[in-house]
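*Asks:* My structure is below; once you've seen it, I'll send some questions.
Where a number appears in this text, it was derived from the coordinates with a stated rule and is not lab data. None of these values were measured; they are calculated from a predicted model. Every residue, glycine among them, receives a Cβ derived from its backbone with ideal geometry; neighbour counts consider all protein chains shown.
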Amino acid sequence: MTVRTRFAPSPTGYLHLGGLRSALYTYLFAKKNGGTFILRIEDTDQEREVPGAVELIYKSMRQAGLFYDEGPDVGGEYGPYIQTQRRDTYLPYAMQLVESGAAYPCFCTKEELQQRRDEATARGEQWKYDKHCLNIPKEEALRRMQSGEPFVIRQNVPTTGVASFEDAIYGHVEAPCDTLDDNVLIKQDGLPTYNFANVIDDHLMGITHVMRGTEYLSSTPKYNLLYEALGWTPPVYIHMSPVMKDSSRKLSKRYGDPSFEDLLSQGYVRDAIINFIALLGWCPDVKKYGEKEFFTMDELIEAFDLSGLSKCPAIFNTEKLLWFNHEYISRMPLDEYQKMATPWFDKVLAGKNMDYTMLSTLMHTRTEIFSKVPEMIAFLAELPEYDIDIYTHKKMKTDAAISLKALELALPALEAIEDFTEENVKAVLMDLAAKNEMKNGQIMWPVRIAISGLASTPGGATEIAYLLGKDETLRRIRLGMDKLQSNG
Ligand code: GLU
């Protein structure tokens, strides 16, 4: 059997991280088994559709490296892959169910339903549809449907017995039929609900393994009743535990939790996000992989196995993601770093003609996340206000007086450099220290403070001076001298 899996998002907004993880596992499972991965857009709940969301899903899937073999924008033999474009597919199956008694049309109005719901609530009962329209003789029901009266089609769930299914992760799952509601299968607008469309499309698209979130565990017994009524073999079900923000709530767009897009635009690296997400609720076989934490997409495909999926909800730990991100950034080649960092450098340094390769060398292993880069290098664009106390440093053996002396010595020496390279700046400053019987730190520390305004910087005095260039370096040293003099 060729494995066919699908990721079936509803276009209700951005691709959230729980969705991304479902898509990833589904992709990994298909690829691991030499199967086919399909994208299907489930847009039958038109009221919840957010404009632009479909395109965002395509884009995010590509950015994530989750390339689907079949889907709305890539085609395939089982299309269309957008449910509203299949709208005529569903009613004939619903009518087949009406014919066999597994479904029935319902003409109850919203108001009638509301009234009976309120009455049930007042009696302290949990409301579920009371099968009111099941009593309408079939002939009459068909006549009313044809006359144009608004109707929905409901599943006729048996009132006794149990409905069940086998889940690859959760095992045997069952529900007493008398607790199950007669779900709407076809809505008044003629479109199917998710409850119906997922069954029809999974079957028609030849889906062998349905992978989705555990929020569908409780409805799946009902879906199995539909498979039975239609005489179809159900797929293998693999329900996946949710990704939680903390112990009490799921990650959700509603609470502003970041989407995949958000993480990318905050400067997280794609491969770090994928690696991190893959390990949220799944772990590779310890015997084979030990403590290995870093996986490329190909390695994930190789390692992916359903036995590693956890039943427990996974908690999204931003610290851990940040750690992964830092590791990925530190491990990438310098030129790749520079390419990714350039737009972030430009945010504060555009037009300054700074040596980005040197800057990349300084920033490479210090970058946890690209969005923090502009703040870290802002001192290169503009000297920040600083307190002269930072000139005093015990280990460097500096105080305000020594610092002033250092800057007074450094100014003409630096001014005399023709070719203002890092090596030349270094040679000159070291030479100054030696000639004046000062420690290197007694020159380097004050110079670095004067030209950066910071006690902690990426790179030392010589690299920063080189990056700033001669004029700006001298200007900042003069300012430092003024500050120290006016204090003294
Ligand atoms: N459209 C459903 C959702 O976005 C997908 C459920 C499924 O994969 O069957 O939650």
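*Asks:* Please list 209-218, 34-43 highest first by mean number of surrounding beta-carbon atoms within 10 Å per residue.
*Replies:* Taking the mean over residues of other Cβ atoms within 10 Å, the ranking is 34-43, 209-218.
*Asks:* Can you give the direction-averaged projected area of the convex hull of the alpha-carbon atoms in the range 310-409, in nm²?
*Replies:* Taking the Cα atoms of the range 310-409, their convex hull projects to 10.6 nm² on average.
*Asks:* Considering only lysines 8 or more places apart in sequence, or on different chains, count the pairs in the range 190-315 whose C-alpha atoms sit under 24 Å apart.
*Replies:* For the range 190-315, the number of qualifying lysine pairs is 8.
*Asks:* May I pose another question? Rounded to whole Hz and in sequence order, give me ³J(HN,Hα) for the range 177-183 from the Karplus expression 6.51 cos²θ - 1.76 cosθ + 1.60, θ = phi - 60°, writing x for Gly and Pro.
*Replies:* Values, residue by residue: 4, 5, 9, 8, 7, 7, 4 Hz.
*Asks:* Express in whole angstrom the spacing between the alpha-carbon centres of the range 65-141 and the range 1-42.
*Replies:* 24
*Asks:* Starting from the coordinates of the alpha-carbon atoms of the chain, obtain the Kirkwood hydrodynamic radius over all distinct pairs and give the value in Å to one decimal.
*Replies:* Working: mean 1/r = 0.0365 Å⁻¹.
Result for the chain, one decimal place: 27.4 Å.
*Asks:* Points 7 angstrom from Cα along the Cβ direction at Thr361 and Asp431: gap in nanometres?
*Replies:* The two pseudo-label positions are separated by 2.1 nm.
*Asks:* Taking the Cα centre of the chain as the origin and placing charges on Cβ (Lys, Arg +1; Asp, Glu -1), which of Pro80, Gln155, Leu321 is farthest toward the positive end of the dipole?
*Replies:* Leu321
*Asks:* Here's a follow-up. When we measure straight from the Cα of Lys110, which lysines land under 23 angstrom away, once same-chain ones fewer than 8 places off are left out?
*Replies:* Lys128, Lys131, Lys138, Lys187
*Asks:* Let me ask something else about it. I need the phi-derived Karplus couplings for the range 353-363: 6.51 cos²θ - 1.76 cosθ + 1.60, θ = phi - 60°, integer Hz, Gly and Pro marked x.
*Replies:* So the J values, rounded to whole Hz, are 6, 8, 6, 5, 5, 5, 4, 5, 4, 6, 8.
*Asks:* Estimate the FRET efficiency between Leu230 and Asp298 by the formula 1/(1 + (r/R0)^6), using the beta-carbon distance for r and 35 Å for R0, to the nearest 0.05.
*Replies:* Working from the Cβ atoms, E equals 0.35.
*Asks:* Lone cysteines in the chain, defined as no other cysteine's Cβ under 4.7 Å from theirs: which are they?
*Replies:* Unpaired cysteines in the chain: Cys108, Cys177, Cys283, Cys312.
*Asks:* Which order do the peptides 449-457, 195-203, 409-417 take when ranked by the mean count of other beta-carbon atoms within 10 Å per residue, highest first?
*Replies:* The densest-packed peptide leads the list: 195-203, 449-457, 409-417.
*Asks:* Next question. Taking the Cα centre of the chain as the origin, how large is its charge dipole in debye, to the nearest 20, when only Lys and Arg (+1) and Asp and Glu (-1) carry charge on their Cβ atoms?
*Replies:* The dipole of the chain has a size of about 660 debye.
*Asks:* I would also like to ask the following. Which one, Ser219, Phe379, Ser456, is farthest towards the positive end of the dipole of the chain when Lys and Arg carry +1 and Asp and Glu -1 on their Cβ?
*Replies:* It is Ser456.
*Asks:* Return the long-range amide H neighbours of Leu185 (sequence gap of 5 or more, or a different chain), with a cut-off of under 5 Å between placed amide H atoms.
*Replies:* For Leu185, the qualifying residues are Ile153, Arg154, Gln155.
*Asks:* I've got another one for you. From the backbone phi of the range 122-133, what are the Karplus-calculated ³J(HN,Hα) couplings (6.51 cos²θ - 1.76 cosθ + 1.60, θ = phi - 60°) in whole Hz, Gly and Pro given as x?
*Replies:* 4, 7, x, 9, 7, 6, 9, 4, 8, 6, 3, 7
*Asks:* Can you list the aspartates and glutamates whose alpha carbon is less than 16 Å from that of Lys435, not counting same-chain residues fewer than 8 positions off?
*Replies:* By straight Cα distance, Lys435 reaches Glu408.
*Asks:* Please give the calculated 222 nm ellipticity per residue for the chain, where each DSSP H segment of at least 4 residues contributes -39500 (n - 2.57) and the sum is spread over every residue; nearest 500 deg cm²/dmol?
*Replies:* Result for the chain, helices only: -14500 deg cm²/dmol.
*Asks:* So, one more: Using the 10 angstrom Cβ neighbour count as an exposure proxy, how do Leu17, Leu191 rank, fewest first?
*Replies:* Fewest-to-most Cβ neighbours within 10 Å comes out as Leu191, Leu17.
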